[in-house]
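The values are calculated or read from the model by the stated rules, or taken from the named source; none is laboratory data. Small disclaimer: the values here were computed from a predicted structure and weren't measured. Here the Cβ positions follow ideal geometry from the backbone for every residue, glycine too, while neighbour counts run over all protein chains shown. Just so you know, the surface numbers come from the protein's heavy atoms only, side chains and all, with ligands and any DNA or RNA stripped out. Shrake-Rupley method; radii C 1.70, N 1.55, O 1.52, S 1.80 Å.
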Amino acid sequence: MTLRVLDPRQSAHGEALRMAPPLSRLEGAVVGMIDNAKIGTARLFDFIEDILRKDHGVRECIRRRKPDATKPVPEAMLKELAGADAILSAIGD
């Protein structure tokens, strides 16, 4: 009997991604928050939003919830968050 081993990794396509430069300050910033639709994420974001507003002067938090944790963020949702100065994506496991 022959054992066939499959490699689940995909090869890279397109340009390499680069991280955005850090914000010099959060005061007055708009922060987008992408909830992955798992049970604890909304509660985690409640705590983070409170800290961002009270301790760092964040002006606005735009919160969106993905329809399903196993799928990528829908294009329409990304467009809604496009005006944010920073984006936070988190899991609530």
Practice prompt. May I ask you to list the GluC sites (Glu not before Pro) in region 1-86 that are in a DSSP loop and have at most 12 other Cβ atoms within 10 Å of their Cβ?
Written response: GLU15, GLU27
Response to the item:
Residues meeting the amide H criterion for ILE62 (H placed from the backbone, H to H distance under 5 Å, 5 or more places apart or on another chain) are VAL31, GLY32, MET33
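Can you give the longest run of the chain that contains no trypsin sites (Lys or Arg not before Pro) sitting in a DSSP loop with at most 13 other Cβ atoms inside 10 Å?
60-93
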Worksheet item: Please report, for the Cα atoms of region 46-93, the Rg to one decimal and the Dmax as a whole number; what are they, in angstrom?
Response: 12.0, 33
Fill in: With Cα atoms, 0 to 90° folded angle of helix 41-56 axis to the chain main axis
40 degrees
Discussion item. Leaving ligands and nucleic acids out of the surface, order ASP7, ASP68 by accessible area at 1.4 Å, largest first.
Written reply: ASP7, ASP68
Worksheet entry | Pair-distance profile P(r), taking every C-alpha pair of the chain, with 10 angstrom steps and integer % | 14, 35, 30, 12, 6, 3, 0
Worksheet item: What's the FRET efficiency of GLU75 with VAL5 using the Cβ-Cβ distance as r and R₀ = 35 Å, to the nearest 0.05?
Response: 0.45
Worksheet item: Which order do THR2, THR41, THR70 take by accessible area at a 1.4 Å probe, largest first?
Response: THR2, THR70, THR41
